[in-house]
Amino acid sequence: MDSSPLAIGIDFGTASARALLLDLSSGEELSLCELEYAHGVIDNSLPATGEPLPDDWALHDPDDYVQVLGQGIASVLADVPGAAERVVGIGVDATSCTVLPVTGEGVPLCSLPAWRGRPHAWPKLWKHHAAAPVAERLNEVAAERHEPFLARYGGRISSEWYFPKLVQIWLEDREVYDATDHFVEVTDWVVWQLCGRLRRSACPAAYKALWSPSEGIPGAGYFEAAYPGFSRPQDKLGQDFYPLGSQAGTLRAELAAKTGLSEQVAVAVGNVDSFVSFPGAGAEGPGSYVMVIGTSICDLVVHPKEIPLLGITGVAESGILPGLFGYEAGQPAVGDMLAWFATLVNGQRWGTGDGGGGKSSGSDTTSTLLSLESAAAALAPGQSGLVALDWWNGNRSILADAGLSGVIAGLTLQTGPAEIYRALMESIAYGNQAIMDNFAAGGLASQEVIACGGIAEKSPLLMQMLADVSGLPVKVPASSQVPARGAALFGAVAAGPQASGYAGIVEAAKALRPGEARAYYPDPRATAAYRQVYGIYKGLHDNLGRGRPNWLHELKRAKAQAGAVPSAH
């Protein structure tokens, strides 16, 4: 019987989680498991009461994390006889900044009867954008005070991050705020469930909570200037953060007995789903541009130096790989945007698709997406006559404005679903090109694109578009679950070289690099055609996103105001 060491990686995404069992000698993925969250994204009404949620709210149910954690571990172990005795480490990653209010013992407030009816007691998903006004105020004050930390985040704080969400609770439900002992990232909370210890990861703290190892978090004076009375920002965040690859603890006895794993199994400090994909995909250093493509896109590069750069979402030393500065950018609406259009085509958005205004099934949406991709693939670059701005969920990079909304230009009476879908796909490639151009202008040019995630696996058309628009080869690793694979690598490193064979993440990534599933190379004719339309995209991008963002902001305000006033008809 094989006795090589194994590691488990668990990736908590937006709508589902994935568990992976990795052989640390061969790099073989021995077992995979994907589990959908029972409650999914909560953005319409609060489950406990049915209370409608305002626009731009997005919540999760922590019971989903607990359920898939147990089921995922059990599933991958069941597939490989004798695996439990060989597992030496567990690594976890999750979306960020997805945060939940908990008690001192780690109990989510929303699981307690007294708080289930309070929306602010529930976990706020990364794409919860209702804190946008708070982010704007924090940005204004940081700029006025010339706060030095702002340069690490491209000059702007995002509404997706830790402090905008925390201040929103403080403003809108002080009782929930006061009852919260810890406001904690999901990746850290799951690690807490695994090992029984709160060990906050330095990675999400650096990118989402304005923390740096040399400066800590911004001083109380900054927050007091923005929101008088909010003077102790560290109260809910704490001040101790642990580096990636370090061990948070070992498996709780209760969980070990339930799973059959040893109590000596190392639990790695938590990671972020996009960042863990860099080593998971086998990327080792500068020159690689890693895209994690799913509901959203996160773009990652590393460099030996810290370069002040506008339009990024963050830079942190050792934030992705040790000893290098990790840079992050991204697009917040990708799979979400394409699925939105598929449900629109199905008629579900109009309440006509199932005769009762119900929700479209996953199979309906998948079938429609496949049909739309096939129809869009029959069109040549530029043949749709359309250009779209991919701001269905705001813009993360390079404008950092969650208040922006999507635009489609060029519609005519001859426009059909295939043309619109193709334009949406092209807008993803154009938005990515704007990010790549911004990196290159700052001295962070890339030689290759490594694309991973569900859409990288499922959409050859989008991968070819990315290659054609960028003019660079796009490589897709031979792993269907790159984030979970990366999490497993960190689990191996946390176990230490005596148990796993690996002392560091770069060593593990190099030794266990996945093969290449597919590669896409740019077609010069398509690149030339896309360049012409990209010029139009950039013109609209800059004129609306920089010159007249208030137009799109005012449309969202008008919608909210109209929805708050009872109709006269």
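The values are calculated or read from the model by the stated rules, or taken from the named source; none is laboratory data. Everything quoted here is computed from the prediction, not taken from an experiment. Don't worry about glycine lacking a Cβ; one is built from the backbone with ideal geometry, like all the others, and counts go over all protein chains shown.
Listing for the model above:
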read-out	value
Conditions (1) within 30 Å of Ala253 (Cβ to Cβ); (2) surrounded by fewer than 21 Cβ atoms within 10 Å (Cβ to Cβ); (3) under 21 Å from the mean Cα position of the chain (by Cα): number failed by Ala202	(2)
Contacts under 7 angstrom Cβ, first residue in the range 297-324 being more than 17 Å from Glu507 (Cα to Cα), partner in a loop (DSSP other than H, G, I, E, B) and among the polar types (S, T, N, Q), 6 or more apart	Cys298/Ser274; Leu300/Ser274; Val301/Ser446; Gly311/Ser397; Ile312/Ser397; Thr313/Ser158; Thr313/Ser397
Wholly within the range 214-314, helices (runs of 4 or more DSSP H) carrying at least 1 residues that are under 20 Å from the mean Cα position of the chain (by Cα) and crowded, with 20+ Cβ neighbours inside 10 Å	277-280
Only one of Asp181, Asp93 that is closer than 27 Å to Tyr37 by Cα, among the acidic types (Asp, Glu) and surrounded by fewer than 23 Cβ atoms within 10 Å (Cβ to Cβ)	Asp181
Unique residue being part of a loop (DSSP other than H, G, I, E, B) and either touching a residue at least 24 places away in the same chain (Cβ under 8 Å) or touching a Leu at 6+ places or on another chain (Cβ under 9 Å) (or both) when the list is Gly431, Gly385	Gly385
Total residues in the range 496-530, condition in a helix (DSSP H, G or I) and either on the phi > 0 side of the Ramachandran plot or in contact (Cβ under 8 Å) with a residue 12 or more places away in the chain (or both)	12
Yes/no for Ser371 being touching a Phe, Trp or Tyr at 6+ places or on another chain (Cβ under 6 Å) and small (Gly, Ala, Ser)	no
Hits in the range 26-40 (condition: surrounded by fewer than 17 Cβ atoms within 10 Å (Cβ to Cβ) and not in a strand (DSSP E or B))	Ser26, Glu28, Ala38, His39, Gly40
Pairs with Cβ under 9 Å, 6+ apart, first in the range 552-569 and within 18 Å of Gly403 (Cβ to Cβ), second of a type in the set (S, T, N, Q) and modelled with pLDDT of 85 or more	Leu552/Ser405; His553/Ser405; Leu555/Ser405; Lys556/Ser405
Residues of the range 137-166 satisfying the condition of being in contact with a strand residue (DSSP E or B) (Cβ under 7 Å, 6 or more places away or on another chain), under 16 Å from Phe230 (Cα atoms) and either among the aromatic types (Phe, Trp, Tyr) or not assigned by TED's automatic domain parsing to the domain that holds Val102 (or both)	Tyr162
Hey, Ala333 without any contact (Cβ under 8 Å) to a residue 60 or more places away in the chain, in the same structural domain as Pro417 (by TED's automatic domain parsing) and closer than 18 Å to Asp390 by Cβ or not	no
Qualifying residue in the range 58-76 (condition: surrounded by fewer than 18 Cβ atoms within 10 Å (Cβ to Cβ), in a loop (DSSP other than H, G, I, E, B) and touching a helix residue (DSSP H, G or I) at 6+ places or on another chain (Cβ under 9 Å))	no
Candidates Pro322, Pro332, Pro308, filtered to the one that is closer than 23 Å to Trp211 by Cα and touching a Lys or Arg at 6+ places or on another chain (Cβ under 6 Å)	Pro332
Within the range 398-414, considering residues that are without any contact (Cβ under 8 Å) to a residue 60 or more places away in the chain and of a type outside the set (Gly, Ala, Ser), the one surrounded by the most Cβ atoms within 10 Å (Cβ to Cβ)	Ile408
Where a residue in the range 158-184 is under 13 Å from Trp122 (Cβ atoms) and its partner, wherever it lies, is buried (at least 19 other Cβ atoms within 10 Å of the Cβ) and modelled with pLDDT under 95, with Cβ under 9 Å and at least six apart	Lys165/Ser159; Gln168/Ser159
The range 486-543: number of residues that are among the basic types (Lys, Arg), surrounded by 14 or more Cβ atoms within 10 Å (Cβ to Cβ) and within 30 Å of Leu386 (Cα to Cα)	3
Which listed residue is at pLDDT 95 or above, more than 22 Å from the chain's Cα centre (by Cα) and part of a strand (DSSP E or B), from Leu22, Leu100	Leu22
Enumeration of residues in the range 554-569 that are at pLDDT below 95 and either among the charged types (D, E, K, R) or in a helix (DSSP H, G or I) (or both)	Lys556, Arg557, Ala558, Lys559, Ala560, Gln561, Ala562, Gly563, Ala564
Set Pro417, Pro460: member being surrounded by fewer than 16 Cβ atoms within 10 Å (Cβ to Cβ), of a type outside the set (D, E, K, R) and either on the phi < 0 side of the Ramachandran plot or in contact (Cβ under 8 Å) with a residue 24 or more places away in the chain (or both)	Pro460
Number of the condition not met by Arg349 [criteria: (1) surrounded by fewer than 20 Cβ atoms within 10 Å (Cβ to Cβ); (2) modelled with pLDDT of 95 or more; (3) not small (Gly, Ala, Ser)]	(2)
Scan of the range 1-49 for residues that are in contact with a Ser or Thr (Cβ under 8 Å, 6 or more places away or on another chain) and within 16 Å of Gly453 (Cβ to Cβ), ordered by number	Phe12, Gly13, Thr14, Ala15, Leu20, Glu29, Leu32, Glu34
Members of the range 114-167 found to be surrounded by fewer than 24 Cβ atoms within 10 Å (Cβ to Cβ), over 19 Å from Asp401 (Cβ atoms) and among the small types (Gly, Ala, Ser), listed by number	Ala114, Gly117
Single residue of the range 9-25 satisfying the filter (of a type in the set (A, V, I, L, M) and under 15 Å from Ser480 (Cα atoms)) that is surrounded by the most Cβ atoms within 10 Å (Cβ to Cβ)	Leu22
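Residue-wise test of (1) out of contact with any strand residue (DSSP E or B) (no Cβ under 9 Å at 6 or more places or on another chain); (2) assigned to a helix (DSSP H, G or I); (3) at pLDDT 95 or above.
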site	(1), (2), (3)
Arg116	yes, no, yes
Ala135	yes, yes, yes
Gln168	no, yes, yes
Glu175	yes, yes, yes
Phe183	no, no, yes
